[in-house]
Amino acid sequence: MKNKRTLRIIIIMISMLLAYFIYAGEYKIKAEQSHIERGIEEFIERSVTIVDFTEVDNMLAVYYTLGSNDSIGFTALHKGFNGRYQIRDASYGTRNRVIQGIPFETNGGEYLAIMGTNYEGKIASVRVETYSGEIFMENVQGESEILAVFSAESPSLMEEYQLFDANGNDITEGMKGYLTAEESSSTGVGKAELFMLYAYCFVIILLGYGISRVFKDEDPKKNRKRILEEKFEQR
């Protein structure tokens with residue numbers, strides 16, 4: 001009886017470990033630049049350079065560049081139960097604006113990420129307005145690269161932006177001279193929802209439980225009844 005109970009526990013533990021390994025195979029990126037970089041490169045099949053990243057609720061907002069730095073990209077990595085992250089989608093496009101804006105959603109609400117380069121350190125602050133009418137300001141003085149995340153009331157794209165120097169002068173038009181791309185070109189890579197991942201993990205655990213039931217101890221009442229019947233037959 002004791003051996004059967006031990007065997008049942010082992011079978012269930014093995015099924016849970018198998019389910020965990022499948023899950024961990026999806027959530028495998030550490031919150032480290034080299035890990036994030038490698039993860040994005042495998043996902044979009046292109047060489048990238050991580051510029052900056054920041055944690056937002058259950059996600060990691062990542063700003064990266066591609067190739068000769070004329071293309072800029074963004075992805076929001078999802079955090080798993082094991083403390084590591086997974087990529088579900090990534091987007092990138094030509095750097096035809098000094099500041100780019102990407103909306104994304106976490107388990108805490110809606111956000112807008114803005115990113116760009118502070119050419120020659122001339123930009124001291126950024127003003128962003130969305131299509132839904134929200135306005136955000138960010139002090140970026142002294143930063144060579146810009147990554148800021150704003151909590152938004154609703155999902156919305158960035159409509160326009162203004163750039164100011166340390167004296168409060170609007171330098172938006174002047175900063176556009178640093179850009180080499182005029183036309184907008186963007187690409188997005190995504191993967192299917194994770195319903196099947198959770199389904200696989202659940203099925204594996206369920207199968208383990210089902211197999212363990214084969215080694216279930218006999219019901220004491222039924223066992224006692226069987227012994228009494230055997231004794232009665234012997235008489």
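For the reader, a short list of remarks on this structure follows.
- Taking θ as phi - 60° and the Karplus parameters 6.51, -1.76 and 1.60, the scalar couplings of the stretch 130-137 work out to 9, 5, 7, x, 7, 10, 10, 10 Hz in sequence order, x denoting glycine and proline.
- For Asp52, distant residues with modelled amide H under 5 Å away: Tyr63
- 3J(HN,Hα) couplings calculated from phi for the stretch 112-118 with the Karplus curve 6.51 cos²θ - 1.76 cosθ + 1.60 (θ = phi - 60°) are, in sequence order, 10, 9, 10, 8, x, 9, 8 Hz; Gly and Pro show x.
- Taking the average, over residues, of other Cβ atoms within 10 Å as the packing measure, peptides 132-140, 55-63 rank 55-63, 132-140 from highest down.
- The gain in end-to-end length when the Phe202 to Leu18 segment is fully stretched comes to 65.2 nm, 0.36 nm per residue minus the alpha carbon separation.
- Sorted peptide list for 152-159, 67-74, 94-101, 114-121, criterion being average Cβ within 10 angstrom, highest first: 94-101, 114-121, 67-74, 152-159
- Expressed as a whole percent, the accessible area of the stretch 52-174 that falls on carbon and sulfur atoms is 42 (1.4 Å probe).
- In order along the stretch 21-31, the phi-based Karplus estimate (6.51 cos²θ - 1.76 cosθ + 1.60, θ = phi - 60°) of 3J(HN,Hα) comes to 5, 5, 5, 5, x, 8, 9, 10, 8, 7, 7 Hz; Gly and Pro are listed as x.
The values are calculated or read from the model by the stated rules, or taken from the named source; none is laboratory data. These figures come from a predicted structure and were not determined experimentally. No Cβ is skipped: glycine too gets one built from the backbone with ideal geometry, and neighbour counts run over all protein chains shown. Please note that ligands, DNA and RNA were not included when accessible areas were found on the heavy atoms of the full protein model with its side chains. Shrake-Rupley method; radii C 1.70, N 1.55, O 1.52, S 1.80 Å.
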